[in-house]
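These notes are about the structure you will find just below.
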Amino acid sequence: MPHETAGLAATAADGRGAIRPLPALAGCTATVSDPVAVRDALSKVSPGDRVCITGDLGSYRLKIIYSGTEQAPIQVVGDGNTRVNGIEINAANVIVDGFTVLNARSPEVEIEGNNVTLQNTVARNPVSPGYDSLYFFGNNVKILHNTFGHDAGDTAAQPNCMETFSTDLGSTPSHHVLIDSNRCENTTNNCLQAFGPHARGGTGRGETADLTFNNNYCQTQGSVAVTLDDVQNATITNNVVERVNHAWALRNNSTGAKIAGNTIAPGTPYEVGMDDSSKVGYQGPPAGGTP
């Protein structure tokens, strides 16, 4: 895996450690390497454009606010070593690929929009306020082949690698989310924490559903790898989890979950913790205790 001060060069490690090539910086409608040029290019993007960014942009936080279409998404692409001080996506039909974010304000990456893909990106060592690597909100979000974690270890903040929630602060429920082949390294709390709108502090409106967590590597100091609270129809398969008290926590009507084929470290007391309200439609290993 890359060192704390480097990006991914020409390859990216997936959740199980395999190496896959990053996309070449070809077919670019614009190629830029400094914050002023990046802002200018992103202010002029149209559906189907491919903005290629290289270099170390220092304190610049990459912000994407213009949308593509389903047939012609906007692509914002780095070379793996492209360094930014955070990524914010508030748009639809966008692909962000090949960036490095280190020691940036939490969340280091925030996605809010439909049909958004984040891939081949490193986001580690997040700093205050929450020390989380990634927030995501929206429909048809894809989080693929990224590396997260190495947070501050602030147990009061309870940092997570990845998190979604639905509160009156403006976040919306998430649907049809694919989280595949990522690495979550040395995080304090959960690799994934997903709170639906009926979780504590939620809006009570809508639902968070159809979340797929596959082929990921999870290393956490917490007691659970993934916490689902009021999340329906989740699928959790073929992940590797370092030793925890239990890998998966299902609570508050997190019904319809399917869990299979995961590798849990020896010595883990049990794989699944579940409350009675989440048992409807469940398929997977027997629950060994409470969530």
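The values are calculated or read from the model by the stated rules, or taken from the named source; none is laboratory data. Since we're looking at a predicted model, the values are computed, not measured. Counting neighbours? That spans all protein chains shown, and the Cβs are built from the backbone with ideal geometry, glycine included.
A few comments on the model shown:
- Matching strands (runs of 3 or more DSSP E) fully within segment 251-291 where at least 3 residues are surrounded by 18 or more Cβ atoms within 10 Å (Cβ to Cβ) and at pLDDT 95 or above: 272-274
- Residue within segment 216-231 that is free of Cβ contacts under 8 Å to residues at least 40 places away in the same chain, surrounded by fewer than 24 Cβ atoms within 10 Å (Cβ to Cβ), under 14 Å from Ser254 (Cα atoms) and not charged (D, E, K, R) present: no
- Answer residue from segment 182-212, given it is over 16 Å from Phe165 (Cβ atoms) and crowded, with 23+ Cβ neighbours inside 10 Å and is farthest from the chain's Cα centre (by Cα) among those: Thr187
- Among the residues of segment 221-242, those that are in a strand (DSSP E or B), of a type outside the set (D, E, K, R) and either touching a Phe, Trp or Tyr at 6+ places or on another chain (Cβ under 9 Å) or farther than 16 Å from Tyr282 by Cβ (or both) comprise Val224, Ala225, Val226, Thr227, Leu228, Val231, Thr235, Ile236, Thr237, Val240, Val241.
Every residue, every condition in (1) at pLDDT 95 or above; (2) of a type in the set (Val, Ile, Thr), yes or no:
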{"position": "Asn140", "(1), (2)": "yes, no"}
{"position": "Ile143", "(1), (2)": "yes, yes"}
{"position": "Gly153", "(1), (2)": "no, no"}
{"position": "Phe165", "(1), (2)": "no, no"}
{"position": "Leu169", "(1), (2)": "no, no"}
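- Positions within segment 120-136 being more than 21 Å from Gly58 (Cβ to Cβ) and surrounded by fewer than 21 Cβ atoms within 10 Å (Cβ to Cβ), in sequence order: Pro129, Gly130, Tyr135
- Against the numbered list (1) surrounded by 15 or more Cβ atoms within 10 Å (Cβ to Cβ); (2) modelled with pLDDT of 95 or more; (3) in a loop (DSSP other than H, G, I, E, B); (4) in contact with a Ser or Thr (Cβ under 6 Å, 6 or more places away or on another chain), Pro47 comes up short only at (1).
- Positions within segment 81-93 being under 16 Å from Tyr135 (Cα atoms) and assigned to a strand (DSSP E or B), in sequence order: Ile87, Glu88, Ile89
- Residue check, Gly113 within 26 Å of Val38 (Cα to Cα), over 13 Å from the mean Cα position of the chain (by Cα) and crowded, with 23+ Cβ neighbours inside 10 Å: no
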